[in-house]
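The values are calculated or read from the model by the stated rules, or taken from the named source; none is laboratory data. All figures in this text were calculated on a predicted structure; none of them were measured in a lab. Don't worry about glycine lacking a Cβ; one is built from the backbone with ideal geometry, like all the others, and counts go over all protein chains shown.
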Amino acid sequence: LRPAGRDRRRSRVSGDPPALVEFSNVRKSYGPTLAVAGVSLAVGDGEFVALVGASGSGKSTLLKTVNRLIDPTAGAVRFAGDNVEGLPLAALRRQIGYVFQSVGLFPHMTVGENIAIGPRLVGERLAGERIARLLELVDLKPEMADRLPDELSGGQRQRVGVARALANEPRLLLMDEPFGALDPITRDALGDRVRALHGEFGLTTVMVTHDMAEALLLADRVLVMDAGKVVADETPHALLSGAGGAIAQGLVAVPRAQADRLAELAR
Ligand code: ADP
């Protein structure tokens with residue numbers, strides 16, 4: 001992996017890409033728990049954004065307000081300018097690929113059928129060549145299409161999850177701890193693959209991760225969440241130069257200390 005971060009300004013200014021996703025004072029409470037405590041920010045078209053923070057800081061809840069797996073208690077989320085609550089759910093979701101840690105493949109369906117499920121839900125049939133092409137994009141052989149999910153390794157299943165998310169040719173890719181359950185080598189390779197696909201297809205990507213190293217290596221922009229709020233919004237370069245405040249720097253300190261210790265051991 002190499003740092004993908006380009007130098008983006010901290011705040012969006014004119015000349016930045018137009019926003020694809022906009023959160024306006026988004027709040028979500030579960031009874032007494034305020035999971036998201038007022039988030040306002042815009043994700044520009046083409047950005048690769050990582051949402052980082054401790055477990056329970058509200059990352060997953062915020063992400064799911066975009067494809068309406070969760071509706072906010074207050075505030076609004078806009079996708080390409082439209083309030084998502086006013087859009088037909090199928091029309092919204094067909095523009096948004098969603099990858100999550102447990103993958104969620106249907107066990108009784110083949111890999112090919114799993115990949116084609118999104119288009120099928122909107123009445124379209126994916127051609128065999130298209131399924132083969134999607135498998136190829138995630139470095140799997142076309143023959144995999146006939147296998148059942150049980151016959152795949154965890155890494156192969158997650159690759160299928162990515163292929164499925166791309167089947168509808170989405171504009172936006174949402175990923176919730178997508179690589180969390182994978183071994184480090186598979187994780188690294190699949191992270192690189194996703195970053196390449198993001199560029200190749202001009203996607204906008206928002207990835208939830210608790211791993212700051214992964215965020216720094218893959219994203220253009222890192223949002224740090226704490227107790228339901230976004231407490232830092234920086235480029236990887238700025239974070240590595242000390243920006244973002246105490247909570248962000250606490251998260252950056254972990255991979256930095258590991259890198260220092262490894263360098264020490266190699267001496
Ligand atoms: P993260 O993704 O950063 O781990 P979450 O968005 O999953 O955080 O959770 C934020 C907070 O909301 C946590 O305190 C969590 O316990 C709570 N929470 C999340 N989902 C629910 C739910 N369905 N019911 C009740 N509380 C929830």
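When residue 95 is tested against (1) closer than 13 Å to residue 165 by Cα; (2) surrounded by 18 or more Cβ atoms within 10 Å (Cβ to Cβ), exactly one condition is not met: (2).
I want to confirm something. Restricting to segment 10-37 and keeping residues that are hydroxyl-bearing (Ser, Thr, Tyr) and away from the ligand (no atom under 16 Å from the Cβ), which single residue is modelled with the lowest pLDDT? The selected residue is 11. Of the residues making up segment 64-112, those that are more than 15 Å from the ligand (Cβ to nearest atom), part of a loop (DSSP other than H, G, I, E, B) and more than 30 Å from residue 129 (Cα to Cα) are 80, 81, 87. Picking from residues in segment 113-148 that are part of a helix (DSSP H, G or I) and of a type in the set (Val, Ile, Thr), the one that is farthest from residue 64 (Cα to Cα) is 131.
So, residue 126, is that one touching a residue at least 60 places away in the same chain (Cβ under 8 Å) and farther than 30 Å from residue 38 by Cα or not? Considered against the rule, which asks whether it is touching a residue at least 60 places away in the same chain (Cβ under 8 Å) and farther than 30 Å from residue 38 by Cα, residue 126 comes out as no. Checking 192, 176, 188 one by one, the residue that is closer than 21 Å to residue 93 by Cα, of a type in the set (Asp, Glu) and touching a residue at least 60 places away in the same chain (Cβ under 8 Å) is 176 and no other. For segment 38-58, taking the residues that are among the hydrophobic types (A, V, I, L, M, F, W, C) and under 14 Å from the mean Cα position of the chain (by Cα), the one that is farthest from the ligand (Cβ to nearest atom) is identified as 48. Take the conditions (1) over 20 Å from residue 36 (Cβ atoms); (2) modelled with pLDDT under 95; (3) within 16 Å of the ligand (Cβ to nearest atom); residue 267 misses just one of them, which is (3). Among residues of segment 206-215 being closer than 12 Å to residue 53 by Cα and in contact with a Leu (Cβ under 6 Å, 6 or more places away or on another chain), the one that is farthest from the ligand (Cβ to nearest atom) is 212. Selection of segment 158-189 for residues being surrounded by 21 or more Cβ atoms within 10 Å (Cβ to Cβ) and either assigned to a helix (DSSP H, G or I) or β-branched (Val, Ile, Thr) (or both) yields 158, 159, 160, 161, 162, 163, 164, 165, 166.
In segment 216-238, which residue that is away from the ligand (no atom under 13 Å from the Cβ), among the hydrophobic types (A, V, I, L, M, F, W, C) and touching a residue at least 60 places away in the same chain (Cβ under 8 Å) is surrounded by the most Cβ atoms within 10 Å (Cβ to Cβ)? Ranking the candidates gives 218 first.
Suppose we filter segment 44-63 for residues that are assigned to a helix (DSSP H, G or I) and over 18 Å from residue 78 (Cα atoms); how many remain? So that I can check it myself, show each step before the final result.
To start, the set of residues in segment 44-63 that are assigned to a helix (DSSP H, G or I) comprises 59-63.
Within this subset, residues satisfying the condition of being over 18 Å from residue 78 (Cα atoms) are none.
Here the count works out to 0.
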